Structures are given as C-alpha cells and as structure tokens.
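What follows is a single structure, written as structure tokens, with notes after it.
Read-outs throughout are calculated quantities, based only on the coordinates presented, and are distinct from any laboratory measurement. Quantities reported herein were computed from a predicted structural model and do not represent experimental measurements. In this analysis, Cβ positions are derived from the backbone assuming ideal geometry, glycine residues included, and neighbour counts consider all displayed protein chains.
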Amino acid sequence: MGMADSLGDKPFYLAFNRVKGIGPARLRLLLSHFGSLADAWQASPLQLAGAGLDQKSIDALVSTRQSIAPAREQDMLERTGIRALTWVDPDYPRLLRPLDDAPPVLYLRGALVDADEWAVAIVGTRRATVYGQAVAEMLAAELARNHVTVVSGMARGIDAVAHHAALDAGGRTIAVLGCGVDVVYPPEHRKLAQRIIEHGALVSDYPPGTQPEAGNFPPRNRLISGLSLGVVVVEADEQSGALITAHFAADQGRDVFAVPGNILNRSSRGANRLIQRGAKLVLDTADILEELNLGAVAEHVEAQAILPQNDAERALLARLSHEPTRADELVRELGLPAEVVTATLAMMELKGMVRQAGGTTFVLARESRPLYKVD
C-alpha cells in the first residue's frame, strides 16, 4: 500500500490549499483528470501539463511539494484542534456546496450545526456611527432571538456589534476571517473570538498561520454571503468592503438588504446607493424575516428538536395519541422490552414529546405529531 492509498485524499486537499494559484477551478480540473488529489499531488510536471494545468501553477505546485508534507498538514490540525471540511465531507456547509467558487477546504474553530443553514449576514463599515451601531445591534439581536444565525467578518465597527448582539441575545454567530482561524484579527477581539467559538464558529478558507494581509479580505467576503441566505448592509461608504459582500451575494443569488441612512453622512452612501439600485430596504427585522421566509424558523427548530431519534421513539410516537395509553400496553403491542419502553418514555417526556396522564399512562404532549423533517 503506497502513501496515497494509506492517507486518503483529505491530507492532499490540505496540501493543495497551500499552493498559491490553485483554487477551486484548477483543483476540479486535477480531480477530473487524475481521479484523486493524491495522484495529482505526485504527478510529474509533464503529467500535470497533460491535465491542462498552466505552467505557472505547475511551477508553484512543484515548488510547494518540496516544503509541504500532506501527512504533516493533517497532524498539525489534529494537534491544534482546528477542523477542516472539504468538498467531500458530508458536513461541508450545504449553502456553500453548489457555488462555483466554493472553497475546497474550510477551516473552522467551534462548530457548524444544521440550524446554521438559517443564517443572515450583517456587514458594514469599520467606522460605524452611533446610529449604525444601534441598528446593527437591534437587527442582530432580533434575528438571534428568532433562531437565525448571524454571519459577519469580526472586523471593527458594524461586524463586531453584530456578533456581540447575537451572542448577548443567546444566539449563534459565525465569523468569516481574512486570516487563519488560529490568528485573531483585530487583536482586541480575542475575547469576542472565544465567545464565537463557544456559540458558533470561526471560519476561513486560508490555512492556519495565514496573516491578515489586506488582499485576503475582499475574497473572504464571498464566504460571508455564501454562508447566508441574505446579506444586510447597515452602514457602508461607497468603497466599503461591505459592498463587495453585497456584490458577491447578488452573484450567488442571495438577497441583498440595506438600511437607509442620512444622505449627508458618508458612511450611509453605499447602503443608500444599494437601495437605489434595487436592494431591499430594511426598516425593521420583520422585513428580513418575511422576505427570506424565516418567520417560522422558531417553529421549525422546535419541531426538529422533537423529532424521534431512534426506532423505539419512532414506534412509541406512532402508537401514542391524545388518549391515555398504559406503558404495559405499549410493551405488549410493540414487542419491546419493558425497560426500553420505560427509559424511552422518560427521555421523550424530558424532550417534551409526551407527558404522563396519571400513573403509568402517557399521551402525546403536542397538538399534532411532527410528521416531517426540516432539511
């Protein structure tokens, strides 16, 4: 068994992500030609050229192979506790996956969960006014209370306000970085970064150790929009990075929202211009929830929480009704061991799926059964 066979493709995704100039398009080219990134990594320059790789990319790959060992890349992540999701991982974000420029590797600290598919980005200027800060805080807090994950870039100004407000409201938030997830930038956001890790995730497509160079930030904005159903621009000058995020959002088929501002204030020019060009004007959080059909997210989350998790729960849920049923009847009719029925009913009661109706009789706790699964 050779090195490629024993390692699988994931370390090679990590290694290719260190090669400058080989992004999603060229990586797909290599995968299509060689069948695996392990084989592509070990290919000769002549074979790489035969696959359609340009000379500059071939030179970059040959050079990088001299200093990068795929296995060490994997070991480094395991030592630092950083997780990497690749195109082939089932946990790779569903909203990102279909995009042409979806990153081959997504590094994260913290966790992405299914509920993060209901996400809205809030972005804006680093030089936020009192008005802008108040609006960002209101929108982020109300979205969080409606079980909508708030996505932003952890920059100073509007971004930081949005993250803080979502967390303070008990919600989840995702920060997309223009550096490695092991690098906190700006440095004064160290405590904020830790809170985000505990109640969301720090995300980047840049390898660990990547420093926050100016050129990194515009491309990362495509991930802010890509991880979201819509993007809300609170305050932005006409040259703001928030407008880059809005443009990515439009290209990706996401909804673009903007908060109107003082026409005499420079920090409102970009947002006002977006509205003039067709962005959806935001006067309150309901405008966002209604446009994205997120008004029922709380109910969806509640329904998902009470979905049966195993065969015993499914069988009991199908048999129980709003008429009291004794536990011994359930044992006899379902053919399950008494201890399994008792333990499962106790767990279902804790989850709010059933309730006791006196003695050892049980009824459904809801008006209707959760017959569907939220995708």
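Could you give each residue of region 67-76 its phi-based ³J(HN,Hα) in whole Hz, using Karplus coefficients 6.51, -1.76, 1.60 with θ = phi - 60°, and x for Gly or Pro?
Result, ordered by residue: 10, 10, 10, x, 4, 5, 4, 5, 4, 4 Hz.
Taking the Cβ of R79 as the center, what net charge do the other residues with Cβ under 13 Å away carry, scoring Lys and Arg +1 and Asp and Glu -1?
Result for the neighbourhood of R79: -2.
Under the classification rounded if a/c is under 1.5, otherwise prolate if a/b is larger than b/c and oblate if not, where does region 1-158 fall, given a ≥ b ≥ c as square roots of the Cα gyration tensor eigenvalues?
Judged from the Cα gyration tensor, region 1-158 comes out prolate (a/c at least 1.5, a/b above b/c).
Subtracting the Cα-Cα distance from 0.36 nm times the residue separation, let me have the gained length for L281 to S321 in nm, one decimal.
Stretched fully, the L281-S321 segment lengthens by 9.7 nm.
Find the eigenvalues of the gyration tensor of the Cα atoms of region 306-364, then list the square roots of 5 times those eigenvalues as equivalent ellipsoid semi-axes, largest first, in whole angstrom.
For region 306-364, the semi-axes come out at 14, 14, 10 Å.
Determine the shape class of region 116-270: with a ≥ b ≥ c the square roots of the Cα gyration tensor eigenvalues, call it rounded for a/c under 1.5, and otherwise prolate if a/b is greater than b/c, oblate otherwise.
Rounded is the answer for region 116-270, as its axis ratio a/c remains below 1.5.
Which net charge results when you count Lys and Arg as +1 and Asp and Glu as -1 among the other residues whose beta-carbon is under 13 Å from that of H189?
+3
If R0 is 45 Å, what FRET efficiency do you get for R266 and A25 from their C-beta distance, rounded to 0.05?
Taking R0 as 45 Å, the efficiency between R266 and A25 is 0.75.
How large is Rg over Rh for region 135-198, taking Rg from the Cα atoms and Rh as the Kirkwood inverse mean of 1/r across Cα pairs?
0.95
In square nanometres, what is the average projected area of the Cα convex hull of region 231-271?
2.4 nm²
Would you mind giving the three semi-axes, in whole Å and largest first, of the ellipsoid equivalent to region 3-80 according to its Cα gyration tensor?
20, 13, 11
Can you run phi through the Karplus equation (6.51, -1.76, 1.60; θ = phi - 60°) for region 149-165 and list ³J(HN,Hα) in whole Hz, with x for Gly and Pro?
Karplus-based 3J(HN,Hα) across region 149-165 equals 6, 9, 10, 7, x, 6, 7, 5, x, 4, 4, 4, 4, 5, 4, 4, 5 Hz.
Mind pulling the angle between the C-alpha long axis of helix 217-226 and the longest principal axis of the chain? Nearest 10 degrees, somewhere in 0 to 90.
Taking Cα atoms only, the helix is inclined about 30 degrees.
Report the Cα centroid-to-centroid distance between region 159-181 and region 107-124 in angstrom, as an integer.
The two parts, judged by their Cα centres, are 9 Å apart.
Please work out how many pairs of lysine residues in the chain are eight or more positions apart (or on different chains) and have Cα atoms closer than 26 angstrom.
Close lysine pairs under the 26 Å cut-off: 4.
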